Amino acid sequence: MAQREQWGSRTGFVLAAVGSAIGLGNIWRFPYMAYENGGGAFLIPYIFALLTAGIPFMILEFGMGHKYRGSAPKVFRRLGSGREFLGWMQVVVALVISIYYVAVIGWTINYTGFALNQAWGSDPKAFFFGDYLGLTGSPFELGGIRWSILGACTLAWGVTWLAITSGVRKGIERACKILIPTLFLLVLVLIARVVTLPGAMTGLDFLFRPDFSKLTDFTVWADAYGQIFFSLSIGFSIMLAYSSYLPKDADINNNAAMTVFINCGFSLLAGVMIFSVLGNMAHATGQAVSDVAGAGVGLAFITIPAAINTMPAPVFVGTLFFLCLTMAGVSSHISIVEAVSSSFIDKFGISRKRTATLVCGFGFLATVIFTTGGGLLILDIVDHFINNLCILGLALAEILLMSWIVGLEDIQKHVNASSDFSVGNAWKLCLKLVTVGVLGYSFVMNVVTDLG
Ligand code: PHE
Ligand code: NA
């Protein structure tokens, strides 16, 4: 059997893992979460979640992929015969995400072009839903393909295909070595521009002013943990695949901590960027920051364009902003598709080229439905289901299996063998109790809310 592919360097691996972690979620979800949950006070549960769940879980996943040298189904098969199924469920979820995540990347690509002349005009909301998406009234009414969206999605799938076919080192690692440093640079340039705008400080004050009364609200804590899992791409096969390509002597614990801290640092930078822009918009329109702040799709494609309209350097800020979203999105997309592809390669021994073409070809065809006038409505439904139930449920199944059934001792020994710092009982406690508890609570709450 051919030897498993390997990352070319430690930096290459960390950049790829960070590339997966930093995504659309850091730029629009984190700032909104922080804002909703008490501004600066959110940082307390967030950092707590990062230390008690993010880093421990990341060490576990890196350790599993590294020790058992495989994608999710292979890793779980090695842990016991009936368990391969869990790996395949994670792969299915990854495949579904890869299909609709790319639609949003398509929008960011189109908007990078629109930003050149503020093609969204004076009413970005009407433009986004009407002229651009051609939104129909119902998910059952497709209303035809939007060709510019399909074109952009084709481009995004093409880039992902190219990265995956070219291999771990020549494709994925090389892409992330370009994308991630450029992304950090562009965000810093953007921040340098927007923090000096009038009103920016009001926006930042709004984001960081702590509202400690929120800390007694358990949902704030659950939100912080949810954000950590989604943002770190843990619990659904991605980090397992990436860490399976690490050389034997890799320092797992250190790599995991580094990945988590860089991702968190980027989230804070994104928060500073977004809230400076919102503060400036509030200043220009005479509104309160709380009235202009929005979330999700609305934040990136309606609020930010509206804010850009009122800005002194709209073309510069606008194109850079959407370019950043595009780069963050593409590097995450590559990781989701690699998780799926590596599972097929491991299981069926099909060549990387052929697998990538099959997975990307199928994914591309399925993406077409999200480029229609009903696309956003379908996307909302699928995304809600995936985020609130599938990711949480599968992460919970994985952590229950590892910490209560299989036991953490083997992985603990494995990760400590080649790492600068060792993990001990605190690490096990965080996984067995804290992570299981919070995931379990959030999952049950979500099931109850969705059924109710
Ligand atoms: N971690 C990514 C983000 O924060 C999201 C992601 C989801 C990445 C699914 C890979 C797979 O946006
Ligand atoms: Na990314």
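The values are calculated or read from the model by the stated rules, or taken from the named source; none is laboratory data. Since this is a predicted model, take the numbers as computed values, not measurements. Neighbour counts run over all protein chains shown; Cβ positions are idealised from the backbone, glycine included.
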The lone exception for residue 136 - which of (1) modelled with pLDDT of 95 or more; (2) assigned to a loop (DSSP other than H, G, I, E, B); (3) buried (at least 17 other Cβ atoms within 10 Å of the Cβ) it fails: (1)
Some residue of region 208-223 being within 16 Å of ligand 2 (Cβ to nearest atom), under 30 Å from residue 91 (Cα atoms) and within 24 Å of the chain's Cα centre (by Cα): no
Residues that are under 14 Å from residue 155 (Cα atoms) and of a type in the set (Phe, Trp, Tyr), drawn from region 82-110: 101, 107
Any hit, region 264-287, residues being without any contact (Cβ under 8 Å) to a residue 40 or more places away in the chain and buried (at least 19 other Cβ atoms within 10 Å of the Cβ): no
Residues satisfying the stated conditions in region 21-45, i.e. within 16 Å of ligand 2 (Cβ to nearest atom) and of a type in the set (Val, Ile, Thr): 22, 27
Considering residues of region 342-359 that are crowded, with 24+ Cβ neighbours inside 10 Å and either at pLDDT below 95 or under 23 Å from residue 177 (Cα atoms) (or both) only, the residue farthest from ligand 1 (Cβ to nearest atom): 356
Scan of region 75-90 for residues that are more than 12 Å from ligand 1 (Cβ to nearest atom) and crowded, with 22+ Cβ neighbours inside 10 Å, ordered by number: 75, 76, 87
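Does region 48-59 include one or more residues that are touching a Lys or Arg at 6+ places or on another chain (Cβ under 9 Å) and buried (at least 19 other Cβ atoms within 10 Å of the Cβ)?
Yes; the residues of region 48-59 include at least one that is touching a Lys or Arg at 6+ places or on another chain (Cβ under 9 Å) and buried (at least 19 other Cβ atoms within 10 Å of the Cβ).
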Helices (runs of 4 or more DSSP H) wholly inside region 361-438 containing at least 2 residues that are more than 22 Å from the chain's Cα centre (by Cα) and crowded, with 21+ Cβ neighbours inside 10 Å: 409-417
Every pair of residues 6+ apart whose Cβ atoms lie under 8 Å, when the first sits in region 440-452 and is in contact (Cβ under 8 Å) with a residue 24 or more places away in the chain and more than 13 Å from residue 385 (Cβ to Cβ) while the second is exposed (fewer than 14 other Cβ atoms within 10 Å of the Cβ) and among the aliphatic types (A, V, I, L, M): none
Yes/no for residue 422 being among the polar types (S, T, N, Q) and at pLDDT 95 or above: yes
Among the residues listed as 14, 18, the single one being within 16 Å of ligand 2 (Cβ to nearest atom) and surrounded by fewer than 21 Cβ atoms within 10 Å (Cβ to Cβ): 14
Single residue of region 168-192 satisfying the filter (crowded, with 19+ Cβ neighbours inside 10 Å and within 30 Å of residue 288 (Cβ to Cβ)) that is nearest to ligand 1 (Cβ to nearest atom): 187
Answer from 233, 213 - the residue that is at pLDDT below 95 and closer than 22 Å to residue 107 by Cβ: 233
Positions within region 1-47 being at pLDDT below 85, hydrophobic (A, V, I, L, M, F, W, C) and more than 16 Å from ligand 1 (Cβ to nearest atom), in sequence order: 1, 2, 41
Odd one out for residue 449, checked against (1) modelled with pLDDT under 95; (2) surrounded by 12 or more Cβ atoms within 10 Å (Cβ to Cβ): (2)
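Does residue 224 satisfy the criteria of being more than 30 Å from residue 59 (Cα to Cα), in contact (Cβ under 8 Å) with a residue 60 or more places away in the chain and of a type outside the set (Asp, Glu)?
Considered against the rule, which asks whether it is more than 30 Å from residue 59 (Cα to Cα), in contact (Cβ under 8 Å) with a residue 60 or more places away in the chain and of a type outside the set (Asp, Glu), residue 224 comes out as no.
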Some residue of region 298-315 being at positive phi, free of Cβ contacts under 8 Å to residues at least 60 places away in the same chain, part of a loop (DSSP other than H, G, I, E, B) and surrounded by fewer than 19 Cβ atoms within 10 Å (Cβ to Cβ): no
Qualifying positions in region 116-126 - within 16 Å of residue 298 (Cα to Cα) and in contact (Cβ under 8 Å) with a residue 60 or more places away in the chain: 120, 122, 124, 125
Region 10-30 residues that are over 14 Å from residue 175 (Cβ atoms), paired with ones that are within 10 Å of ligand 2 (Cβ to nearest atom) and aromatic (Phe, Trp, Tyr) (beta carbon under 6 Å, 6 or more apart): 26/266
